[in-house]
1. Do we have any residue at all in segment 260-279 that's open to solvent by 50 Å² or more (accessible area, probe 1.4 Å) and within 16 Å of the chain's Cα centre (by Cα)?
2. Residue 244 versus (1) closer than 21 Å to residue 178 by Cα; (2) free of Cβ contacts under 8 Å to residues at least 40 places away in the same chain; (3) open to solvent by 10 Å² or more (accessible area, probe 1.4 Å): which is the lone unmet condition?
3. Among the residues of segment 14-24, is any open to solvent by 20 Å² or more (accessible area, probe 1.4 Å), farther than 26 Å from residue 164 by Cα and at pLDDT below 85?
4. What's the number of the only condition in (1) touching a strand residue (DSSP E or B) at 6+ places or on another chain (Cβ under 6 Å); (2) over 14 Å from residue 216 (Cβ atoms); (3) of a type in the set (D, E, K, R) that residue 248 fails to meet?
5. How many residues, within segment 32-86, are in contact with a helix residue (DSSP H, G or I) (Cβ under 8 Å, 6 or more places away or on another chain) and polar (S, T, N, Q)?
6. Does residue 147 satisfy being modelled with pLDDT of 90 or more and over 14 Å from the mean Cα position of the chain (by Cα)?
7. Do we have residue 286 as under 21 Å from the mean Cα position of the chain (by Cα), farther than 17 Å from residue 243 by Cα and open to solvent by 60 Å² or more (accessible area, probe 1.4 Å) here?
8. Of everything in segment 207-239, what is open to solvent by less than 10 Å² (accessible area, probe 1.4 Å) and either part of a loop (DSSP other than H, G, I, E, B) or farther than 23 Å from residue 43 by Cβ (or both)? Give them in sequence order.
Amino acid sequence: MADNNSSDESTDKTTVLLGDQSTLKAELQKAKEQEACLIIIRGSPQGHRFFLTAPEMTIGRDPGVEISVADQSISRKHAKVSKEGGGVKLTDLGSSNGTFVNDKKVDSGASVILVKEDMVKVGNTILKFLPAGELEILFYGNLGSAAHTDPLTRIYNKGYLLEALEAEFKRAKALHTEFSVIFFDLDHFKKVNDTYGHDAGDYVLKELTNLIRTGHIRPKDIFARYGGEEFVILLGNTPAKGAQEIAERIRLAVETHAFVYEGKRLPVTTSMGVSELRADIESSSTLLKAADKALYAAKTGGRNRVVLAT
């Protein structure tokens, strides 16, 4: 009986693997048909794709330009992208606040050739560049379909997080790249609310997210409020060790930051769980649950610490 079960299980796994390979082959073929694109990863609408279908396209806040972005810190005609020799060139058009590629300023009137995963910053908006035919383009297909911002903290909400988690998980599986997740929450947050009031709790959540967003994550990382005082960070192309180091820097930054509300310094620390994509993890939800389980271990182990999933 045991041998029969083992055989059935092996057959099931083979069927699943063949199905996955067939799906991947179809997705790769579909990806070949995709134009190069710029994807909004910081700004609104988050996750929106601008396909570079014309030889030249202008980026700006003017509603009439090809890549129109609703950001008042962007010039009406800020920059342009143009196809050249099989690649894509980005040129600043004398913008007021400058155009940046991977945090390096592009001189007014100057151009740079974009390469895969370059981060283009215009005003307060960051767009990720993906060349034509890249598989990742498909995985961002549904991320601009609805409002994905948490109204209190102004970071991504749970709905966006779960879509992005699935997209990044598929991307990492298909391309065999590293992918890690940080799941964390605030220690004794109920006590903060009960002692200082819910307005103080809201202040802590907003101050915390601003602290992390502006100083402790990379432009390509996805930072979201999971619910209440729980947060998740998705780290593409990042192994467990790198994710653990990022988590520890955030933990220390929160512990040492002065959270001051109405003249009183509030005690704020965080417990964090880290998981990475391994061969035995077969779904995005399993990866998230592994980080959540590590978070629970951090809480039961004394709080204000980082635990790596095993």
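1. Scanning segment 260-279, I find at least one residue that is open to solvent by 50 Å² or more (accessible area, probe 1.4 Å) and within 16 Å of the chain's Cα centre (by Cα), so the answer is yes.
2. (2)
3. Yes, that holds for at least one residue.
4. Only one criterion in (1) touching a strand residue (DSSP E or B) at 6+ places or on another chain (Cβ under 6 Å); (2) over 14 Å from residue 216 (Cβ atoms); (3) of a type in the set (D, E, K, R) is unmet by residue 248, namely (2).
5. 2
6. Considered against the rule, which asks whether it is modelled with pLDDT of 90 or more and over 14 Å from the mean Cα position of the chain (by Cα), residue 147 comes out as no.
7. yes
8. 221, 238
The values are calculated or read from the model by the stated rules, or taken from the named source; none is laboratory data. As the structure is a prediction and not an experimental result, all values here were calculated from the model. With ideal geometry, Cβ positions are generated from the backbone for all residues, glycine too; neighbour counts draw on all protein chains shown. In case anyone asks, the SASA skips ligands and DNA or RNA and just uses the protein heavy atoms, side chains included. Shrake-Rupley method; radii C 1.70, N 1.55, O 1.52, S 1.80 Å.
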